[in-house]
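The structure appears below as structure tokens.
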Amino acid sequence: MAKKYKLIANPAAGRGKASAAVLQVVELFKARGVEFDLELTKAPKQAAEIAKNALSEFDVIVAIGGDGTVNEIVPGMLFSPKPLGIIPSGSGNDFIKSLGIPNNIEAAVAIVLRGEARVIDAGKINDTYFANGVGIGFDAAVNRASYEIKHSRQGLWLYICALVRTLGRFGPVPVRITMNGEIIEQDIFLLTIGNGTTCGGGFRLTPHAKVDDGLLDVTIVKPLSIPNLLWHLPKVFLGTIDKVTKYARLTRTTKLLVESSHAIPVHVDGEIFDGNGRALHIEVVAAALTVIGKFS
């Protein structure tokens with residue numbers, strides 16, 4: 001029996017880039033004679049409700065958008081055997097990098113229609129679920145700065161521009177991290193918790209993360225000077241941040257608690273997050289999500 005696809009798109013994703021992507025996806029689905037229905041989100045957090053309601057009628061839910069769109073859909077699909085497909089059209093498109101999905105829309109559609117699925121983990125921070133990761137400190141400040149950039153840059157270049165803007169404007173923050181039976185009290189430059197490997201369009205801050213290992217990868221970076229940051233930055237893109245042992249510590253855990261006496265910037269799947277307080281409870285939600293990707 002032919003599969004039925006529910007397409008969910010946020011037309012505002014990728015600074016409006018998703019609108020053009022939707023038209024292309026619709027044409028590709030029509031050309032292949034696929035049965036589908038398209039629904040555009042009209043309000044924040046609506047995508048989860050659309051996805052949940054569609055599970056009884058459709059075989060595959062397809063997100064057209066970026067990491068933020070996927071993040072909105074995830075709560076509506078947790079522990080469903082029906083898969084989520086992703087066609088990227090956001091600003092960062094980081095989560096797809098861990099699923100073997102390319103940025104090319106036609107290639108992504110082909111992967112969705114092929115339907116190779118795998119059960120993977122999700123994460124949770126306080127009461128909010130995430131697919132890709134959480135950033136605390138400098139990377140969250142960079143993420144916030146990216147929203148202030150008005151030109152049309154996308155992906156890694158957008159976040160590099162935001163990084164340059166943030167240099168010298170962000171100071172270390174004191175945190176208390178409880179994980180794996182250990183308490184770490186120190187000033188940090190950044191703290192990244194990854195289910196996936198990258199954030200910010202290609203910053204490989206948790207380069208060894210696996211989406212199906214029942215663990216979250218954690219990278220803690222100590223405060224460092226701007227010259228040292230710029231010197232070591234290429235290692236982030238190369239996925240060798242673990243070699244910067246003077247400043248970076250990489251580990252894995254199933255859960256952690258992050259506390260601070262200061263208000264600290266946080267992003268969740270590239271979206272600005274308000275923790276409503278200074279205690280962040282973060283944990284893996286193992287085997288929570290069925291996704292389509294290119295795994296072989």
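The values are calculated or read from the model by the stated rules, or taken from the named source; none is laboratory data. Just so we're clear, the structure is a prediction, and the values are computed from it rather than from any experiment. Here the Cβ is made from the backbone with ideal geometry for all residues, glycine too, and neighbour counts use every protein chain on show. Please note that ligands, DNA and RNA were not included when accessible areas were found on the heavy atoms of the full protein model with its side chains. Shrake-Rupley method; radii C 1.70, N 1.55, O 1.52, S 1.80 Å.
Ligands, DNA and RNA left out, the accessible area of the chain computed with a 1.4 Å probe is 54% carbon and sulfur. A crude spin-label estimate for the pair residue 165 and residue 114, with each label 7 Å from Cα along the Cβ direction, gives 3.8 nm.
Sorting 283, 27 by accessible area puts them as 27, 283; the probe is 1.4 Å, largest comes first, and only protein heavy atoms count. Ranking 10, 174, 163 by Cα position along the charge dipole of the chain, where only Lys, Arg, Asp and Glu carry charges on their C-beta atoms, puts 163 farthest toward the positive end.
With the simple spin-label model, which puts each label point 7 Å out from Cα in the Cβ direction, the residue 30 to residue 49 separation comes to 2.9 nm. Specify the residue with the greatest mean-square fluctuation among 64, 282, 160, computed from a Gaussian network of the chain linking alpha-carbon atoms under 10 Å apart. Looking only at 64, 282, 160, the biggest GNM fluctuation is shown by 160.
Note: relative contact order over the stretch 214-290, using C-alpha pairs below 8 Å and six or more positions apart, is 37 percent.
Summarising the strand pairing of the chain, around 75 percent of its internal DSSP beta bridges are antiparallel.
Extending 7 Å from the Cα toward the beta-carbon at both residue 186 and residue 104 defines two label points whose distance is 4.3 nm. Taken over the chain, the convex hull of the Cα atoms encloses 121 Å³ per residue.
Considering only Cα atoms, the convex hull volume of the stretch 162-296 works out to 131 Å³ per residue. For the stretch 220-296, state what percent of all Cα-Cα pairs lands in each successive 5 Å bin, counting from 0 Å until the bin that includes the largest distance. So the P(r) values, bin by bin, are 3, 10, 14, 16, 20, 20, 11, 5, 1, 0. Straight-line reach from residue 6: taking Cα to Cα under 23 Å and skipping same-chain neighbours fewer than 8 places apart, the lysines in range are 17, 30, 42, 45, 52, 82, 97, 294. For the stretch 50-123, the list of GluC sites (Glu not before Pro) that fall in a loop by DSSP and count at most 16 other C-beta atoms within 10 angstrom reads 57, 116. Backbone amide hydrogens, once placed in the peptide plane, bring residue 36 within less than 5 Å of 5, excluding anything fewer than 5 places away on its chain. Residues considered: 180, 93, 143. Largest GNM mean-square fluctuation over the chain, using C-alpha springs under 10 Å, is found at 180.
In summary, the helical segments of the chain meeting the span-like criteria, namely a full DSSP H run, a Cα extent along the axis of 15 angstrom or more and a mean Kyte-Doolittle hydropathy of at least -0.5, are 17-31, 155-166, 226-238.
You can think of it this way: the chain between residue 79 and residue 126 has 15.0 nm of extra reach, that is 0.36 nm per residue less the Cα-Cα gap.
Residue ranking by accessible heavy-atom surface, 1.4 Å probe, largest first, among 23, 289 comes out as 23, 289. A straight chain from residue 222 to residue 23 at 0.36 nm per residue would run longer than the Cα-Cα distance by 67.1 nm. Within the set of other residues whose C-beta is less than 14 Å from the C-beta of residue 243, count the net charge using Lys and Arg as +1 and Asp and Glu as -1. It works out to a net charge of +3. Each Cα pair of the stretch 31-133 feeds into the Kirkwood radius, which the Stokes-Einstein equation turns, at 20 °C and 1.002 mPa s, into a diffusion coefficient of 152 µm²/s.
Estimated from the Cβ-Cβ distance and a Förster radius of 35 angstrom, the FRET efficiency linking residue 230 and residue 254 is about 0.55. Here the Karplus curve 6.51 cos²θ - 1.76 cosθ + 1.60, taken at θ = phi - 60°, turns the phi angles of the stretch 214-221 into couplings of x, 9, 9, 8, 10, 10, 10, 10 Hz, with x standing for Gly and Pro.
Computed on the stretch 102-145, the Cα convex hull volume stands at 121 Å³ per residue. On a per residue basis, the stretch 1-112 carries 42 Å² of accessible surface, using protein heavy atoms and a 1.4 Å probe.
Would you mind calculating the relative contact order of the stretch 150-277 from Cα pairs under 8 angstrom and at least 6 residues apart, reporting the percent as a whole number? Once divided by the residue count of the stretch 150-277, the mean separation gives 26 percent. Within the full protein context, the accessible area of residue 217 is estimated at about 10 Å² for a probe radius of 1.4 Å.
Taking square-rooted eigenvalues a ≥ b ≥ c of the alpha carbon gyration tensor, is the stretch 1-64 rounded, prolate or oblate, where a/c under 1.5 means rounded and, failing that, a/b exceeding b/c means prolate? In terms of gyration-tensor shape, oblate.
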